[in-house]
1. Name the one entry in I101, I126, I144 that is open to solvent by less than 40 Å² (accessible area, probe 1.4 Å), under 20 Å from the mean Cα position of the chain (by Cα) and more than 26 Å from I42 (Cα to Cα).
2. So F34 passes all but one of these: (1) among the aromatic types (F, W, Y); (2) open to solvent by 80 Å² or more (accessible area, probe 1.4 Å); (3) in a loop (DSSP other than H, G, I, E, B). Which condition number does it fail?
3. For region 48-66, name all the residues that are over 18 Å from I79 (Cβ atoms) and either in a strand (DSSP E or B) or within 18 Å of the chain's Cα centre (by Cα) (or both).
4. Output the residue which, of all residues in region 104-123 that are part of a loop (DSSP other than H, G, I, E, B) and within 17 Å of L175 (Cβ to Cβ), is most open to solvent (accessible area, probe 1.4 Å).
5. Scan (1) crowded, with 18+ Cβ neighbours inside 10 Å; (2) in contact with an Asp or Glu (Cβ under 8 Å, 6 or more places away or on another chain); (3) modelled with pLDDT of 95 or more for the single condition T74 breaks and write down its number.
Amino acid sequence: LFGSLVMAQSLNLKKFNFKPGEEIKPSFEAGSDFASNAWIGIIPSHVKHGSESENDKHDLTYQYLKSKKKGILTYKAPIKPGMYDFRMHNTDSNGKEVAHITFVVLDKSGAMLSIDKHVFKPGEEIKLHFVAGAGFASNAWIGIIPSHVKHGSESENDKHDLTYQYLKNKAKGTLIYKAPTKPGKYDFRMHDTDSNGKEVTFVTFKVK
């Protein structure tokens, strides 16, 4: 989506990591041509994007927009830890997915990522603060992955990482990276092991 369309339909979150059952308040801007039964639901991230009817089969909860063009909705984070999306649909009648944003429900490991700001110039130094999860392997790693890459699979993220660092059994600390040279949206993604592991949390930033 480019130009004015970006503003016409969007989803935003002020943070991306939540405890099970924690309140989440996504803000939205709906398209001018949306039906009154346009809806936003929480869908597990592994579900394929695009089809409203397919998302409808997998949503854990949802709310209709009722012809509102923008606003803030209140949901509860799923109880089960993992990667989830808020997905927006233009109608509940054979519609299509028009926007999404991913978030994490944290597990008991306590893994966390944070950065001091969220917009960087190409090549700028980024200080990434981390808390590693309990029981992580010595080859647990954090890499920079383009945000469009599907969340969840360590092996899939491994195919797309632009750079990475191993945690080497450190429980917490700060790692130094360089922002990608190409403008765009990226994630730091943390993985519990480099051997068929899983993505456990992430934080998003922009290069512009």
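1. The unique qualifying residue is I126.
2. (2)
3. Within region 48-66, K48, H49, G50, S51, N55, Q63, Y64 qualify.
4. Here the residue is D116.
5. It fails just one condition, (1).
The values are calculated or read from the model by the stated rules, or taken from the named source; none is laboratory data. Nothing here was measured: the structure is a model prediction, and the numbers come from that model. Cβ coordinates were reconstructed from backbone atoms using ideal geometry, including for glycine residues, and neighbour counts include every protein chain displayed. With ligands, DNA and RNA removed, areas are computed over all heavy atoms of the protein, side chains included. Shrake-Rupley method; radii C 1.70, N 1.55, O 1.52, S 1.80 Å.
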